[in-house]
Amino acid sequence: MEEGKCPICGQHCYIHSRAGSNVPTYKCDFCFAYELADEDIPLAQKHKVILAGYLFETRGRSHSIRISAGTLPIILSDSRIPKTPLQKLDKLILSIYDLGSGFKNHVSKLAKYPPAVGYAEDAAEFNLMVSTLNDIGYLQERQARFGEYDCGYFITIEGMKYAESLLSGNTRSTTVFVAVQCTDDLKPVYEKGVKAACDVFGLSALIINTSDNEESIADKVIAGIKTSRFVIADFTNNALCVYYEVGYAKGLGRDVIKTCRKTWFEEEKDGKRVNQLYFDMERDNLILWQDEKDLKRKLEDRIRAVLL
């Protein structure tokens, strides 16, 4: 195992080369474990700000992340990555809130934090972001007192309240998680109905195909729901994954807009309905749609009510 600098954030790291593999594993104090081949380093460094922030934010993962030309587009499209300056400030206050415990949560002036902590471009932007959080009352500057070594910006009560509000609901998120069964006949409906309705409000519809055989699919679903503004769930065909995702979203306090195809919902045989939704979902303000135009129109009304 060698020592060196992290090619993404520039901090100290260990480099472990495995026998029979030309892809070393980097273990950085801030990016934690990731795999990066030498030939992919220039590509990764072009996106080092986002990658450093993403690796820091996902530092609790149980496995190393492979960064390559194939995986980079997937990483860059992750819904956790902030898209606006205000979302970057949210990431920073959440990071500070998570750095310690209780009233010890702070950013030390003496420590050298990589800009990755807040997805900042460089140290100058990071310091400006910290100063901005101080100006709006979420952080408070405190100088070292006699006998104390440390000084810095400590999180205030208002900062704690705001951080906890972000954890319970993403009011600045522009992502809508869509819980659906991605069958061939329904995909066009979701594209022209759900995504089109979200586009009207400048929101991005996130649809994850849970039928894909990927080990990280559950992590993507959980991350998508956590970072979403609200959830749209379609119960057509009674897919169990949709119930799971709705339950998880409700546990986080997310608003859930429920929809279902009218012909499937009202299908009858011998005078009795064939399909029944579980857990009393039918009584829970369910939108019944006939086609993509009908779904888009009804969703626009419901989304407008959620945002107001």
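Quick note: the coordinates plus some simple rules give every number you see, no bench work behind them. This structure is a prediction, so every number in the text was calculated from the model and none was measured. Ideal geometry is used to build each Cβ from the backbone, glycine not excepted, and the neighbour counts take in all protein chains shown.
State, as an integer percentage, the relative contact order of the stretch 201-308 based on alpha-carbon contacts under 8 Å between residues 6 or more apart. Before the final figure, lay out each step's value.
Details: 94 pairs, mean separation 21.6, N = 108.
Once normalised by length, the contact order is 20 percent.
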Quiz item: Which of G159, G118, G202 moves the most in a Gaussian network model of the chain with Cα springs under 10 Å?
Solution: G202
Quiz item: What chymotrypsin sites (Phe, Trp or Tyr not before Pro) does the stretch 245-308 have in DSSP loop regions with at most 15 other beta carbons within 10 Å?
Solution: Y278, F279
Exercise. Grab the Cα-Cα distance for L167 and S21, subtract it from 0.36 nm times how many residues apart they are, and report the gain in nm with one decimal.
Key: 48.6 nm
Self-check item: Cut-off under 5 Å, modelled amide H: who pairs with D255 long-range
Solution: V231
Quiz item: Given the options A223, A69, A19, which has the most mean-square fluctuation in a GNM of the chain, springs set between C-alpha atoms less than 10 angstrom apart?
Solution: A19
Quiz prompt | Cα centroid separation - the stretch 266-302 against the stretch 239-265, whole Å | solution = 12 Å
Self-check item: Value of relative contact order over the chain, rounded to a whole percent, pairs C-alpha under 8 Å and six or more apart
Solution: 12 percent
Quiz item: Once label points are set 7 Å from the Cα along Cα→Cβ at both I74 and H12, what is their separation, rounded to one decimal in nm?
Solution: 3.3 nm
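Using the Kyte-Doolittle scale, which helices in the chain average at least -1.0 and also have C-alpha atoms spread 20 Å or more along the helix axis, with helices defined as whole DSSP H runs? Walk me through the intermediate numbers first.
Numbers: long enough: 85-99 (21 Å, 0.40); 292-307 (22 Å, -1.08).
What comes out of the filter, once short or polar helices are dropped, is 85-99.
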Quiz item: Under a GNM of the chain (C-alpha, springs under 10 Å), which listed residue has the highest mean-square fluctuation: S77, S228, S168?
Solution: S77
Practice problem: With label points built 7 Å along Cα→Cβ from the Cα atoms of A37 and R66, find their separation and express it in nm. | Solution: 0.9 nm
